[in-house]
Every structure is written in C-alpha cells, then in structure tokens.
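So the structure is just underneath, and the comments pick up after that.
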C-alpha cells in the first residue's frame, strides 16, 4: 500500500475515531510527513519496503541535526502509534519499532514556582484595575489553584463553574471530564468577573475572552503568564504548565495524597504524577540543609 494512503487513513482515524485535539493531530502528521519525505529521498514509497533500519537511519539524521532527545523520542512515538494502527488494521504484519531504541533522555525534575512567588498574585497593584487586568488575575489564580492545562483553561465556559457547589468541570484530554474543587474566594472572584464581562461586552459562553469578546487562545494565555511571572519569579522556565507543576508540588509538600493529586490533574497513569515525589524529596533535602545544624555543615 502506498505510504501516503496509509498516512491519510491514520489521520482520519486519530481525527474522527479517537477525536484527538487538532494540535495533536497536526503534530502526528508533521512527524509522519517528515518521515515519508525522508523515505521518498531514499526511494522507499510503499509500506512493505519500510523496516527498522529505515526508522533508525531517519532517527540518526534528526539526532545529527542536533535535535534534543525529547523531540526525537516524540517523533518515534508518532511512528509507533502509526505502525500500531497499521498492524491492528491488518496492513502490517511485523512490529517495526521493536528493534528501534529511543535516545536516552536525561531526567529533569519539573520546574515550579516557589510559594512566595505565587503569593504575589494576591498582592494589590500587580494587575491593572480594568477588565483585562481582572481577567488576567483570575486566569493566573485559576491556573495555580486548580492545576488545569492552558488548553483546558481556554475551553472553560461560564457554566463550567458551579459556584454553589464550589466545583469546576474541566474537559481534559480525549474529552474526559473531571471535577475540581475550588475554594469560596475563587468562586466569588469568578462571579465578579462574569458580571464585569457582561457589562464590558456582548454575552459570550466562553469564560475567558479577548478584547472583542472572542474565546481566548492558548497563545494569549502563554503570553499573559510570561508577562506577569517573569517579573515575579526566578524560575528557570516560565509557562502556564509551570503553574500545573506548582499546584501538584505545593499540595504534595503540604502532605497531599498522591492518588488525589493524580485525579485532580487528570493523569491516566500514577507514574506520571509520581515525578512530583522527586521534587518533594529535593525540597525536603533543601529544608534539611538550610535548617538542621548538621545539614548546614553539609553545604
């Protein structure tokens, strides 16, 4: 079967049957089209000509370009999903990826904001006292207090918040819903913001909107986080996802249950959440070094 036809069938599968997010579909297709273009240069045009040797050669070309292990590993993951789809549909008999080893990726602990840095979000005068300033303040507080992803924040609607029950309904990956508790002050802030939004512009079902009342984009959320947190934090990396790391880390540091954090974050696998236990161990080591008499001697 021609490779371009295989790729098109896979695209339809992930877009219509699995209903993956458009951005995720684009990433899959970009990797597969890059692989197909490389195969074409090698005069490989049909599925039965593809072996692990071609995949490894393609992998090495990207590594020789200086791509970081994480990017190469993501590309290989796209191929794995593609070949698995082909095997399940009977288009392919062998597991091509069984003989392909992804590059080793150095383990990096999640970056998070310090509690004192995040507390500045609650100081007076940090945000302008207008609609956009109040919107930005609420967005950043919600990122920190709920741990939701920026795409989940962008897709919140006014009815997503049940202010009487103090809960937030979030639509996560693969259209899975989860309920996150919120505290009363945040619920009050949401109520005030919705009232202000109604006064400033025509009604919109989306909770967070731009100046023209349109649904906010994930790009604008990213820029808003950078705008404020660059001034407030010394973290090595600043992005909306760092709020998610901070949410999990701070709860764990206060004795929160790892299984509960998994549910709040919407992780499918507990192993994904357990990375924050490593962050907590580093936090405890740092406390020991700075607070215990013997620990200070180890600096």
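Observations, loosely collected:
- Scanning the stretch 186-223 for residues that are crowded, with 16+ Cβ neighbours inside 10 Å and out of contact with any helix residue (DSSP H, G or I) (no Cβ under 9 Å at 6 or more places or on another chain) yields one hit, 187.
- Residue in the stretch 170-185 that is in a helix (DSSP H, G or I), on the phi < 0 side of the Ramachandran plot and in contact with a helix residue (DSSP H, G or I) (Cβ under 8 Å, 6 or more places away or on another chain) present: no
- Only one of the numbered conditions (1) in contact with a strand residue (DSSP E or B) (Cβ under 6 Å, 6 or more places away or on another chain); (2) in a helix (DSSP H, G or I) is not met by residue 148, and that is (2).
- Per the listing 86, 79, the residue uniquely in a helix (DSSP H, G or I) and either within 17 Å of residue 37 (Cα to Cα) or within 27 Å of the chain's Cα centre (by Cα) (or both) is 79.
- Any hit, the stretch 150-160, residues being under 16 Å from residue 133 (Cβ atoms), without any contact (Cβ under 8 Å) to a residue 60 or more places away in the chain, surrounded by 16 or more Cβ atoms within 10 Å (Cβ to Cβ) and in the same structural domain as residue 240 (by TED's automatic domain parsing): no
The values are calculated or read from the model by the stated rules, or taken from the named source; none is laboratory data. Quantities reported herein were computed from a predicted structural model and do not represent experimental measurements. Neighbour counts are summed over all protein chains in view; Cβ atoms, including those assigned to glycine, are modelled from backbone coordinates with ideal geometry.
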